[in-house]
1. Are any residues in segment 117-152 closer than 19 Å to Y107 by Cβ and among the polar types (S, T, N, Q), and if so, which ones?
2. Looking at L85 and the list (1) surrounded by fewer than 18 Cβ atoms within 10 Å (Cβ to Cβ); (2) in a helix (DSSP H, G or I); (3) under 22 Å from the mean Cα position of the chain (by Cα), which single condition is not satisfied?
3. Exactly one condition in (1) aromatic (F, W, Y); (2) assigned to a helix (DSSP H, G or I); (3) touching a helix residue (DSSP H, G or I) at 6+ places or on another chain (Cβ under 6 Å) is not met by F71; state its number.
4. Sort out which residues of segment 90-111 are of a type in the set (D, E) and not in a helix (DSSP H, G or I), and write them in order of number.
5. Among the residues in segment 102-120, are any within 14 Å of the chain's Cα centre (by Cα), among the polar types (S, T, N, Q) and surrounded by fewer than 17 Cβ atoms within 10 Å (Cβ to Cβ)?
6. Here are F66, F71, F40: which of them is closer than 21 Å to E17 by Cβ and at pLDDT 95 or above?
7. Could you count how many residues in segment 112-147 are not small (G, A, S) and not in a helix (DSSP H, G or I)?
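The values are calculated or read from the model by the stated rules, or taken from the named source; none is laboratory data. Everything numeric in this text was worked out from a predicted model, so none of it was measured. Cβ placement follows ideal geometry from the backbone for every residue including glycine, while neighbour counts extend to all protein chains displayed.
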Amino acid sequence: MQNKQSYTVAEAQQKLEHYCSYQERCHQEVVNKLNSLGMFTSARDLILTHLIQENFLNETRFAQSFARGKFRIKKWGRDRIKKELKARHISDYNIKLGLKEISEEDYRSTFWALFEKRKAAVQGLSSTLQKKKIMSYMLYRGWETHLIYEALNDL
């Protein structure tokens, strides 16, 4: 039998403060962490309230940080970022604020850089297969269909 460590509210609160300080977190991640610590609903609500009041937990800040990071590092498009934020139960309002962090100029230049990179990778294949592979790659990364069609028409 496994001994599961139990925490007092103060210990769990301190643990979660550190957890939220280390990296931006969404409410869902914090609730999952509290559940993994075996906290009761009343204690969980108390800790969540504390984290929000003390600004350890802020969904708007999370959405902005998430959008910036996934765009800059993973080169995700708006559709993929939006889908991932929705999966984390982020409100539409905060999703819009998060997406505003990406400038239109950076967005376009990143799209074209990715498109050209993928186009070079599929060179030598038939035109139809090239378009299919580019399309599926760009869609998987969350780039808007109209942008992809626009770029493919220029091929």
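1. Filtering segment 117-152 for residues closer than 19 Å to Y107 by Cβ gives 117-119, 134-135, 137-152.
Of everything in segment 117-152, just one residue is closer than 19 Å to Y107 by Cβ and among the polar types (S, T, N, Q), namely T145.
2. Going through (1) surrounded by fewer than 18 Cβ atoms within 10 Å (Cβ to Cβ); (2) in a helix (DSSP H, G or I); (3) under 22 Å from the mean Cα position of the chain (by Cα) one by one, L85 breaks only (1).
3. Status for F71: all satisfied but (3).
4. First pass over segment 90-111, keeping only residues of a type in the set (D, E): 92, 101, 104-106.
Across segment 90-111, the qualifying residue is only E101.
5. Here is the first cut: in segment 102-120, the residues within 14 Å of the chain's Cα centre (by Cα) are 102.
Narrowing further to those that are among the polar types (S, T, N, Q): none.
For segment 102-120, residues within 14 Å of the chain's Cα centre (by Cα), among the polar types (S, T, N, Q) and surrounded by fewer than 17 Cβ atoms within 10 Å (Cβ to Cβ): absent.
6. Working: F71 fails: closer than 21 Å to E17 by Cβ; F40 fails: at pLDDT 95 or above.
Checking each option against the conditions leaves just F66.
7. Filtering segment 112-147 for residues not small (G, A, S) gives 112, 114-119, 122-123, 125, 128-135, 137-141, 143-147.
Keeping just the survivors that are not in a helix (DSSP H, G or I) gives 122-123, 125, 141, 143-144.
Residues flagged as not small (G, A, S) and not in a helix (DSSP H, G or I) within segment 112-147 amount to 6.
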